[in-house]
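Presented below is the structure to which this report refers.
The values are calculated or read from the model by the stated rules, or taken from the named source; none is laboratory data. What you are looking at is a predicted structure, and each value in this text was computed from that prediction instead of being measured. Neighbour counts run over all protein chains shown; Cβ positions are idealised from the backbone, glycine included. Surface accessibility is based on the protein's heavy atoms, side chains included, excluding ligands, DNA and RNA. Shrake-Rupley method; radii C 1.70, N 1.55, O 1.52, S 1.80 Å.
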Amino acid sequence: MSMKPRILLVNPPIYDFAAYDFWLKPYGMLSAAGKLRGKADFALFDYIDRQHPSIAGKKQYKSDRWGRGTFYFEKIPNPDCLVDIPRYYRRFGLPRAMFEEFLRDEKPFDFALIQTTMTYWYLGVQEVIEDIRKFHPNTKIILGGNYATLCRSHAETIGADLVISGINLEPLWKYMNITPDPKQPALWESYKILKTGVLKLTDGCPFNCTYCSVQKVYGKFKPRHIEHSFAELEFMCNLGAKNIAFYDDALLYKPEEILVPFLEKVITKKIKVNLHTPNALNARFITSELANIMVRGGFKTFYLGFESSSAKWQKQTGSKVFSQELAQAVEHLKNAGANLKDITAYQIIGHPNSDMQELEESMHFVHSLGIRGMLADFSPIPGTPDGEACRNMINLDEPLMHSKTAFPIIMLGFDETNRLKDLQRHLNRN
Ligand code: SF4
């Protein structure tokens, strides 16, 4: 009989007004589990895996050419605190009965690791905890991830045995009494079908934008070992991944030490895979050399952080990127062979200082560059200066109120939010 501990890995369903598979994978949890490869027996239940046999191949869940797509969902009533938000609330992810059936069939687990992501998605985490408790009451339940980090005291109230905050996993190894192997890649083999993978070359970000939680979660900027990241890329490709999304928050920082040598390896070893950057890239760092090697290395979609064309707003929120730098970056990417339709600039909508942002002007500026714009709804994150500034408007201690759909509506009103979103759709079509 095996003496290895049995570990259940769960990526919970998403309770939200909207959700889309923008290369979403529970990377933190899979990375932690990977470090225990060979030392434990694992079972994965990923509620939002669109390759799950029950939905794979169905027309409405088909992926676009870069591996993105819609989730299965059920409409549910809005939670009480969001009842005034005139949008449908939904539960995205496989039906609850499927997990119950899975738990019924499985032998008890020693531990269950649950990935948490957005703070306002905790209802899904709560649902998973309830179900595990019902079928395997002795399983030790462990939460890690963004919600567990940013709303630790809240996360401690929803029934887990251990809450891990931040990226130091020592308390986890101690609790499980297993020694990790830090060189191991994430546990990608736990998916029966893997078409999309995730990679990180770095942790954290050297900037400190006033609306952002990255520093709170990751601490200081730190590169990972290029060799390990490259081995993980090869591993995912061998398992069949066609699209890889980088989850880095500052992928282009110190490129000559990190991204460039990584991509040189990708090119020399003739790795053919589509690379994507769902987290905003800092346009300021895109030189013509960097744009060239990114395109040659396989980058297909480029998401650039822009936020606003107002210089005043740019200065006040951290001087991340200025209009000319965005125009320059787009030019370099275009010359390197990137498709303009696959370049997107993110702009925040519903920020508490949005009167200074001149959003409409910025949207037109983005459009004038020939690229797509995307409105990134502002979410007030506790502990960040801009999130804390919203305390007088909403109950920041209730994570559901961090909802990025709700906040712009609270801030700008329903009609103005719709007007701006319609304008964005219109600009992207023309
Ligand atoms: S550059 Fe991006 S990741 Fe870094 S602090 Fe600003 S918003 Fe956050």
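Within this structure, THR149 passes the test of being within 15 Å of the chain's Cα centre (by Cα), polar (S, T, N, Q) and open to solvent by 20 Å² or more (accessible area, probe 1.4 Å).
For region 30-60, residues that are farther than 13 Å from TYR72 by Cα and assigned to a loop (DSSP other than H, G, I, E, B) total 6. Part of a loop (DSSP other than H, G, I, E, B) and either in the same structural domain as GLY28 (by TED's automatic domain parsing) or in contact with an Asp or Glu (Cβ under 8 Å, 6 or more places away or on another chain) (or both) - does that describe any residue in region 250-267? Within region 250-267 (the criterion being part of a loop (DSSP other than H, G, I, E, B) and either in the same structural domain as GLY28 (by TED's automatic domain parsing) or in contact with an Asp or Glu (Cβ under 8 Å, 6 or more places away or on another chain) (or both)), the answer is no, since none of the residues qualifies. Can you tell me how many residues in region 289-326 are at pLDDT 95 or above, over 21 Å from the mean Cα position of the chain (by Cα) and either within 16 Å of the ligand (Cβ to nearest atom) or more than 21 Å from LYS265 (Cβ to Cβ) (or both)? Summing the residues that are at pLDDT 95 or above, over 21 Å from the mean Cα position of the chain (by Cα) and either within 16 Å of the ligand (Cβ to nearest atom) or more than 21 Å from LYS265 (Cβ to Cβ) (or both) in region 289-326 gives 0. Each residue in region 71-86 was checked for being surrounded by 16 or more Cβ atoms within 10 Å (Cβ to Cβ) and either touching a residue at least 12 places away in the same chain (Cβ under 8 Å) or assigned to a helix (DSSP H, G or I) (or both), and 6 pass. Scanning region 343-350 for residues that are away from the ligand (no atom under 16 Å from the Cβ), under 30 Å from ASN274 (Cα atoms) and modelled with pLDDT of 95 or more turns up at least one hit. Filter region 183-234 down to the residues that are more than 16 Å from the ligand (Cβ to nearest atom), open to solvent by 40 Å² or more (accessible area, probe 1.4 Å) and under 18 Å from the mean Cα position of the chain (by Cα) and list them by number. Of everything in region 183-234, just one residue is more than 16 Å from the ligand (Cβ to nearest atom), open to solvent by 40 Å² or more (accessible area, probe 1.4 Å) and under 18 Å from the mean Cα position of the chain (by Cα), namely LYS195.
Going through region 245-258 one residue at a time, which ones are open to solvent by less than 40 Å² (accessible area, probe 1.4 Å), more than 11 Å from the ligand (Cβ to nearest atom) and farther than 15 Å from GLU232 by Cβ? Within region 245-258, PRO255 is the sole residue that qualifies.
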